[in-house]
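Take a look at the structure below.
The values are calculated or read from the model by the stated rules, or taken from the named source; none is laboratory data. Every value quoted in this text rests on a predicted model; they were computed, and no experiment measured them. Cβ placement follows ideal geometry from the backbone for every residue including glycine, while neighbour counts extend to all protein chains displayed.
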Amino acid sequence: MIKREHYLNQIIDLIDKDIIKILTGVRRSGKSVLLQQVVNHLKNNGIKEENIIFIDLESPDFLSYSTINDLNEYIKSKSNKTDKSYLFFDEIQRIEGWQRLVNAYFSLDNFDVYVTGSNSKLLSGEFATYLTGRYINIKIFPFSFVEYLEYNKDSNLSKKELFMDYLTFGGFPASFELDNKIQYLNDLFDSIVFNDIIKRFDIKNVDLLIRLTHFLVSNIGQLVSANSIVKYLKKDRINVSVNTVYNYISYLEEACLIYKVKREDLIGKKILNHLEKYYVVDLGFRESILKKDLDIGQSLENIVYFELLRRGYEVNIGKYNTKEIDFICRKGSEKIYIQVTYILANEEIHKREFDPLLKVNDNYPKYVLSLDDFDMSYMGVKHLNIINFLTGNEI
């Protein structure tokens with residue numbers, strides 16, 4: 001089992017700190033394994049097993065627990081009245097009113113609380129009201145390419161060959177040893193759609209949800225509006241309102257399946273409220289959902305976007321007059337601009353990728369990422385090979 005140091009070290013640094021540790025992310029991205037690794041760390045550092053209370057709400061052991069009162073009675077039966085208890089809630093969103101339970105135990109001096117959930121809105125509404133400033137959210141994604149390389153360190157395949165596998169089948173760790181990865185990804189997609197969307201939001205028009213998902217995954221990195229989706233569906237004689245489209249997209253976002261990126265007008269210095277881009281949380285879903293040849297350009301852009309999120313950047317799309325910049329990335333006072341393309345095969349492509357960055361008149365770093373092996377940096381805009389970007393630390 002690989003220790004995901006990037007995440008694990010963040011959590012370990014927060015042990016015994018007066019803050020709730022919350023891990024959010026798509027199903028099967030590794031949240032439960034990370035919690036178990038934290039438990040192992042505690043045991044290895046002298047914490048007794050009886051002082052660790054682990055509640056997995058998707059385990060058969062807890063299927064009969066349906067209310068916060070059920071969980072409260074269980075915790076009271078397991079907790080030590082004198083020693084500190086380490087309390088882990090895995091996939092807690094199933095229990096209505098869980099926020100009050102977590103808040104109650106966090107308020108006690110002798111509990112250290114950890115929570116996971118497969119819902120991006122886990123921290124909104126009632127919970128945010130209760131605990132503003134008293135929790136930290138660590139967003140968990142499927143394996144990065146560096147983690148994928150670590151898992152396959154004994155492979156006979158070259159780094160480029162492993163990259164193409166990763167580009168095709170993605171980074172869900174449970175799929176790595178399977179011969180039929182597509183079947184696993186299909187089953188996982190169905191589980192997410194059913195448990196985290198259809199059942200949770202009482203979706204009646206399942207066909208519309210699936211068609212909308214297919215559309216967004218087919219158009220990774222393309223500018224899309226709700227109106228354009230309505231027109232697309234109308235061609236198939238499906239009549240749906242703009243509001244319904246927005247609602248269904250929000251459900252896909254809440255399930256951490258699809259991520260929306262907004263456009264930023266670099267001249268007007270404002271966020272634009274129409275034409276966004278969408279990315280899928282793992283490219284394995286693109287392969288399993290669409291079942292068609294890989295669009296390498298789209299897939300590379302998708303991989304770079306999620307790597308930027310892993311590295312802590314807030315990401316928007318850039319609009320400069322009529323030019324588009326793939327990513328504007330911010331982290332604290334840091335700001336960078338990034339273009340992503342497959343290869344800089346000719347002068348026309350080179351101009352298309354470099355020109356928008358050259359027109360932005362500021363001193364922040366600007367990069368073009370591609371699969372080219374040769375350095376094609378130009379007039380202060382740095383060129384990087386995408387594999388080197390993913391495995392290095394320049395950005």
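Quickly run through the stretch 83-135 and pick out the residues that are over 23 Å from the mean Cα position of the chain (by Cα), modelled with pLDDT under 90 and hydroxyl-bearing (Ser, Thr, Tyr).
Result: Thr129, Tyr130.
Residue-wise test of (1) within 17 Å of Ile296 (Cα to Cα); (2) surrounded by 14 or more Cβ atoms within 10 Å (Cβ to Cβ).
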{"position": "Lys331", "(1), (2)": "no, no"}
{"position": "Leu344", "(1), (2)": "yes, yes"}
{"position": "Glu348", "(1), (2)": "no, no"}
{"position": "Leu358", "(1), (2)": "no, yes"}
{"position": "Asn363", "(1), (2)": "no, no"}
{"position": "Tyr367", "(1), (2)": "no, yes"}
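Based on what the data block shows, is Lys269 of a type outside the set (A, V, I, L, M), more than 25 Å from the chain's Cα centre (by Cα) and at positive phi?
The answer is yes for Lys269.
If Val340 satisfies all but one of (1) under 25 Å from Leu167 (Cα atoms); (2) surrounded by fewer than 19 Cβ atoms within 10 Å (Cβ to Cβ); (3) not acidic (Asp, Glu), what's the number of the condition it fails?
For Val340, the exception is condition (2).
Determine which member of the set Leu23, Leu71, Leu42 is under 20 Å from Ser144 (Cα atoms) and modelled with pLDDT of 95 or more.
Leu23
Scan the stretch 308-329 residue by residue and report those that are surrounded by fewer than 19 Cβ atoms within 10 Å (Cβ to Cβ) and among the charged types (D, E, K, R).
Within the stretch 308-329, Arg310, Arg311, Glu314, Lys323, Glu324 meet the criteria.
Here's the yes/no breakdown for (1) assigned by TED's automatic domain parsing to the domain that holds Ala255; (2) part of a loop (DSSP other than H, G, I, E, B); (3) within 23 Å of Arg4 (Cα to Cα); (4) touching a residue at least 12 places away in the same chain (Cβ under 8 Å):
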site	(1), (2), (3), (4)
Leu157	yes, yes, yes, no
Lys160	yes, no, yes, yes
Met164	yes, no, yes, no
Leu167	yes, no, yes, yes
Leu178	yes, yes, yes, no
Ile182	yes, no, no, yes
Leu188	yes, no, yes, yes
Ser191	yes, no, no, yes
Asn195	yes, no, no, yes
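Out of (1) in contact (Cβ under 8 Å) with a residue 40 or more places away in the chain; (2) more than 25 Å from Ser124 (Cα to Cα); (3) among the β-branched types (Val, Ile, Thr), what's the single condition that is false for Ile20?
Here Ile20 clears every test but (2).
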